[in-house]
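Heads up: the structure comes next, in structure tokens.
The values are calculated or read from the model by the stated rules, or taken from the named source; none is laboratory data. Since we're looking at a predicted model, the values are computed, not measured. Here the Cβ is made from the backbone with ideal geometry for all residues, glycine too, and neighbour counts use every protein chain on show. With ligands, DNA and RNA removed, areas are computed over all heavy atoms of the protein, side chains included. Shrake-Rupley method; radii C 1.70, N 1.55, O 1.52, S 1.80 Å.
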Amino acid sequence: MQVPFISKPRPPETLRVGDREIPLLLVRNPRARRYFLRLSPDGTARVTIPRGGTVGFGKEFAKANQGWLEKQLAKPPPACRQWKLGDTLLFRGESVQIRLEETENTKPRLLVGPEKILINDSSADLRPAIQRHFWKLAARELEPRVWELAALHELTVRRVTVRNQKSRWGSCSRRGTVSLNWRLIQTPPSVSDYIILHELMHLRQMNHSARFWMEVSRVCPNYEAAEAWVKRNGSLLR
Ligand SMILES: [Zn+2]
């Protein structure tokens, strides 16, 4: 396989994007069919010059795409999805730190608030192990809570599931299936109760009408505080 020819280093070029000046790198690639622009993670605009192309046109090409670069630069960095030792998580509404238990045991254990979680490798991403543990707790505690609150308010629920929903805390089907997000184990109990009651009230009103909110406020008088908490902590749903 032929290694693409890369142009010799030249004095650093820059490009004006919005109100800032970013490094511009022009790289020849004889195998490229056309000019190409991308933004490297370090914030350098990188233009690929195809066979027969020119540096001058490469610069023009970058300038012509300033708007695209500006949009890319404005994007927030991707959310940190990995959990590591020392990171802080929410558990039952409290901030807890992920720590490693001091022990002689062969298998390490994580301490997450009062929870102890066996793991294989403390240097790997800890999220899968902690998520599995949280999910199990959520199923064990939230499912009975749904049955309890449904009985209290004389509603018929057919099935309760705890799932890994990406964009919502819970849902309720017309047929009486209540689905809850395992992340509710991370919220204060008043918030998980509110979400359960919210979903249950959909068995009375399958919409978000004024009548629906009246039902919610009757069974959960401080629902507005819970709604505010959910809005403030929307980033948990990632
Ligand atoms: Zn709803």
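The criterion of at least 3 residues that are in contact (Cβ under 8 Å) with a residue 40 or more places away in the chain is met by the following strands (runs of 3 or more DSSP E) wholly inside region 55-146: 88-91. Residues in region 194-208 that are open to solvent by 40 Å² or more (accessible area, probe 1.4 Å) and of a type outside the set (A, V, I, L, M, F, W, C) were compared, and the one that is nearest to the ligand (Cβ to nearest atom) is H208. Selection of region 97-125 for residues being closer than 24 Å to N233 by Cα and out of contact with any Asp or Glu (no Cβ under 8 Å at 6 or more places or on another chain) yields R99, V112, P114, E115, D125.
The set of residues in region 143-184 being open to solvent by 50 Å² or more (accessible area, probe 1.4 Å) and of a type in the set (A, V, I, L, M) consists of A151, L152.
Here region 215-238 is the region considered, the condition is being more than 28 Å from the chain's Cα centre (by Cα) and more than 14 Å from the ligand (Cβ to nearest atom), and the residue that is farthest from A150 (Cα to Cα) is P221. The set of residues in region 192-214 being assigned to a helix (DSSP H, G or I), farther than 14 Å from L149 by Cα and either of a type outside the set (K, R) or touching a Lys or Arg at 6+ places or on another chain (Cβ under 6 Å) (or both) consists of A210, F212, W213, M214.
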